[in-house]
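Let me begin by presenting the structure, written as structure tokens, before commenting on it.
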């Protein structure tokens, strides 16, 4: 029976197995707190010496202890200035080429008209085409196109029943815009359409 007692740890060994992890845990927590105290002390501001005197210092030396004051951070009321937009430079001879319908084409007022044009360069993410109807008095934007129809060709379907047009002539034009600019980057020629 004595050999059975030798296989089991004594009560002192059991106590060591219980206390050793607690001792290690306490040592780790204490080490972390000491390290935290040291880091805070190392990175806090030290007193700044300023000329002048105080009652507790020598005449040449004044120690001013910084005080903590709460400062309210308010958002800025100024509007940031926009980043200036530099319009792209297109190669010489780059134009918006109107393909159809041909100039002076005649249409009934209830027909649909498909406007076609060609642009030789790929559009950037900020570029789009605006389609305008023009008369002697004003210009009216009737649509926006941001993607090609086929290769470098674009199209816009115009349903005449949605635009109050009278008999006579009107011009159409395509303009290339950037989302960052108010003025067109380039404009096509204007082309005349006749309505009967």
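Given the structure, is residue 193 surrounded by 13 or more Cβ atoms within 10 Å (Cβ to Cβ) and modelled with pLDDT under 90?
Values: surrounded by 13 or more Cβ atoms within 10 Å (Cβ to Cβ): yes; modelled with pLDDT under 90: yes.
Criteria met by residue 193.
Test of understanding: among 160, 121, 110, 133, which residue is touching a residue at least 24 places away in the same chain (Cβ under 8 Å), more than 38 Å from the chain's Cα centre (by Cα) and surrounded by 12 or more Cβ atoms within 10 Å (Cβ to Cβ)?
Working: 121 fails: more than 38 Å from the chain's Cα centre (by Cα); 110 fails: surrounded by 12 or more Cβ atoms within 10 Å (Cβ to Cβ); 133 fails: more than 38 Å from the chain's Cα centre (by Cα).
Within the list 160, 121, 110, 133, the selection yields 160.
Which members of the range 147-196 meet the condition of being assigned to a strand (DSSP E or B) and out of contact with any strand residue (DSSP E or B) (no Cβ under 9 Å at 6 or more places or on another chain)? Write out each step before concluding.
Initially, the range 147-196 is screened for residues assigned to a strand (DSSP E or B), giving 150, 153-159, 168-178, 186-187, 191-195.
The answer is 150, and nothing else.
The values are calculated or read from the model by the stated rules, or taken from the named source; none is laboratory data. Everything quoted here is computed from the prediction, not taken from an experiment. Don't worry about glycine lacking a Cβ; one is built from the backbone with ideal geometry, like all the others, and counts go over all protein chains shown.
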